[in-house]
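Heads up: the structure comes next, in structure tokens.
The values are calculated or read from the model by the stated rules, or taken from the named source; none is laboratory data. These figures come from a predicted structure and were not determined experimentally. Please note: Cβ atoms are built from the backbone with ideal geometry, for glycine as well, and neighbour counts cover all protein chains shown. Note: areas computed on protein heavy atoms with side chains; ligands, DNA, RNA excluded. Shrake-Rupley method; radii C 1.70, N 1.55, O 1.52, S 1.80 Å.
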Amino acid sequence: MPHLETYRGMRIQKTLATLCSLFVAQCLTLAAFAVEVAEPAGAAHGYPGLYDINGKKLADSEFRQWVENDRLHVVITRKFSAGEVYEEHAQFRQQPELIQEKWSWKESKHGRSQREFAVDFMAGIASAHIRQDNKDVSKRISIEPGRTFAGFGFSLALSNPRKRLLSGEQVQLKAIGFSPFPTFGPQVVTVTVSHGGVDRMRMSGRSLKGDRFIIHPEIPFIAKFFVDVPDTKIWLTNPAPAGFLRWEGPIVLPEDPIIRVDLISSEKSGPAEATGS
């Protein structure tokens, strides 16, 4: 009998040791994937341009970024000649890691809301309203603070692991999007971020150089038969310090048109061309 009790005690100790090891490994894994802030963002004000994927100008934009109450706030407003307005809001904490707390996108025409999307990262709730289809959804989602981003959040998130990406490493983060599959609503998708090369592009008569980063959604195999989620591309200025230069991707939903946003607004946007370096 003592031998049985000793055996049981050894099993319990081994189990506890295994659990402790798993707990430590999980903590180390989370720390490794969190986006540490190497270059905290501050106040900024600019007037980017919005274009279709071929470089035709669609709208003028205003970008505002400031720090208030230890939070980084971002507001981007895009105004179209036909009376449409896109407005994106985001809020972040930058210490000790970059953590997105809020994101929202509103499309209106002549002052009347057409589509609205919002994510409360702290509460873990995402919602959407589409007036034309009479759709209203709100869903609880799983958020990993420091790894989960939406909208402009990825432009900020990329500037911090930039050196790792330039060395050829790939980083996995989480993206919040809205998809019609399996039913319309918010989805949390793993995305693989990689460095695609160095390009030059013309903006307002100038040739600017930037590092191209690719955000590739890891869509489950079965879902690929129902929804096509294109990659998003973000260019950051080269050489460092890294700042936003260009963005290309669908407006909000996967089936939305692919658009381009340039740091400097001009009548036409030139394509990105590889430098070979």
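Per-structure values
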| item | result |
| --- | --- |
| Proximal lysines relative to Lys209, as straight alpha-carbon distance under 18 Å, when same-chain residues fewer than 8 apart are discounted | Lys163, Lys233, Lys268 |
| Added length on full extension, which subtracts the Cα-Cα distance from 0.36 nm per residue, Asp256 to Val189 | 22.3 nm |
| Å² per residue, accessible surface of the range 234-277 at 1.4 Å | 44 |
| Stretch gain in nm, segment Asp60-Glu218, where the contour uses 0.36 nm per residue and the Cα spacing is subtracted | 53.6 nm |
| Accessible surface of the range 133-277, 1.4 Å probe, proportion on carbon and sulfur as whole % | 54 |
| Potential extension, Lys109-Asn134 segment - 0.36 nm per residue separation minus Cα distance | 7.4 nm |
| Hydrodynamic radius of the range 123-240 per Kirkwood, over alpha carbon pairs, in Å | 16.1 |
| Under Karplus coefficients 6.51, -1.76 and 1.60, residue-wise ³J(HN,Hα) of the range 46-61 in Hz, glycine/proline x | x, 9, x, x, 10, 9, 7, 5, 8, x, 7, 6, 10, 7, 8, 10 |
| Lys163 versus Ala123: modelled label distance in nm, points set 7 Å from Cα along the beta carbon direction | 4.0 |
| Global geometry of the range 64-130, whether rounded, prolate or oblate, following the gyration tensor of its Cα atoms and the 1.5 cut on a/c | oblate |
| In sequence order, calculated HN-Hα J values of the range 94-99 (Karplus, 6.51, -1.76, 1.60; Hz; x Gly/Pro) | 10, 10, x, 10, 7, 10 |
| Segments 256-262, 130-136 sorted - mean Cβ within 10 Å per residue, highest first | 256-262, 130-136 |
| Leading residue at positive end of dipole, the range 50-152 (Cβ point charges), from Ile141, Ser113, Ala123 | Ser113 |
| Per residue accessible area in Å² of the range 88-232, where ligands, DNA and RNA are left out and the probe is 1.4 Å | 49 |
| Distant-in-sequence amide H partners of Leu58 (H built 1.01 Å from N, under 5 Å) | Leu50, Tyr51, Asp52 |
| Placed amide H near Glu101: partners under 5 Å, 5+ positions off or other chain | Gln91, Phe92, Arg93 |
| Net charge over other residues, Cβ less than 9 angstrom from the Cβ of Ala59 (K, R count +1; D, E count -1) | +1 |
| Under-5 Å amide H pairs with Gly197, H placed in peptide plane, nonlocal only | Arg212 |
| Karplus (6.51, -1.76, 1.60) ³J(HN,Hα), θ = phi - 60°, over the range 160-175, in Hz, Gly and Pro reported as x | 8, x, 4, 5, 5, 5, 5, 7, x, 6, 10, 10, 9, 10, 10, 10 |
